[in-house]
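Quick notes on the structure that follows.
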Amino acid sequence: MLIHHVAAALRTCRHAPWATAVNVFTLALGLVSFVVAYTIADYLASADRQFANADRTLVVTTRYRLRAGALDTGVRPASSQWVAQYLEADFPELPAVARVVLPQRDSDKTAVHAGDRDALLRGLAADAAFLDIFDFPFVEGDARAALRAPGSVVLTKAAARTLYGSQKAVGRSIVIDNAFEGTVTGVIDAIPEPSQFGGSSFAPLRFDMLLSRDFAERMYYQQFGRQLM
């Protein structure tokens, strides 16, 4: 049977070489497209698998959609500020619950001043337990204690180099948003990709610095005159 199919294919190739070439090219293109699509999907599915708690970590997401279809935000890693409190109250067996917010509601970049250097960095304010959930690759500082004290700032290695050059960053002073003083408590190396915290523009939670939760509360109060819940 196989010999018959091979012979038929050879006859077709001999009598219609151009049609055969087009068919072979189309099949090859389809195979390559499948392999590329599978590789990309597998790569994205492996996002954040480098974290030790990846299989036990859940991200609360929100989607706002109007019935008329005029608005659809898509699924975003965001939720009400009250969700963390409800989770801790209703599920006390959870080992850790952490909230992450942008310190400024009107911008994803925050002005930072250190010594004679200034920069605009993308920052996230996080609960101390955030570093219990995600074991980021720290190169300076104590990962478990880095966000526990008020005024704590954790920088990426690239941000630390921008602000302090080759000098050790931990223990140095830093001013956030031209008003709030803090201390660098840790430095994180580059996060392996793919990750929601990675350097890609598609990463929803990419950051140059992590701020202790009190920064967001103080900055929010300065902007809106009320507390951040």
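The values are calculated or read from the model by the stated rules, or taken from the named source; none is laboratory data. If you're wondering where the values come from, they're calculated on a predicted model, not measured in any experiment. No Cβ is skipped: glycine too gets one built from the backbone with ideal geometry, and neighbour counts run over all protein chains shown. Quick note on the areas: whole protein, heavy atoms, side chains included, nothing else; ligands and nucleic acids left out. Shrake-Rupley method; radii C 1.70, N 1.55, O 1.52, S 1.80 Å.
Some observations on this one:
- Of the residues making up the range 174-199, those that are open to solvent by 30 Å² or more (accessible area, probe 1.4 Å) and over 21 Å from residue 131 (Cα atoms) are 175, 177, 178, 179, 181.
- Residue, farthest from residue 97 (Cα to Cα), within the range 128-146, restricted to residues that are surrounded by fewer than 20 Cβ atoms within 10 Å (Cβ to Cβ), in contact with a helix residue (DSSP H, G or I) (Cβ under 7 Å, 6 or more places away or on another chain) and not β-branched (Val, Ile, Thr): 143
- Selection from the range 181-191 of residues that are under 25 Å from the mean Cα position of the chain (by Cα) and either under 11 Å from residue 146 (Cα atoms) or part of a strand (DSSP E or B) (or both): 182, 183, 184, 185, 186, 187, 188
- Scanning the range 200-220 for residues that are open to solvent by 10 Å² or more (accessible area, probe 1.4 Å) and either at pLDDT below 85 or under 12 Å from the mean Cα position of the chain (by Cα) (or both) yields 200, 201, 202, 204, 205, 206, 207, 208, 220.
- Test result for residue 195, over 12 Å from the mean Cα position of the chain (by Cα) and farther than 24 Å from residue 150 by Cα: no
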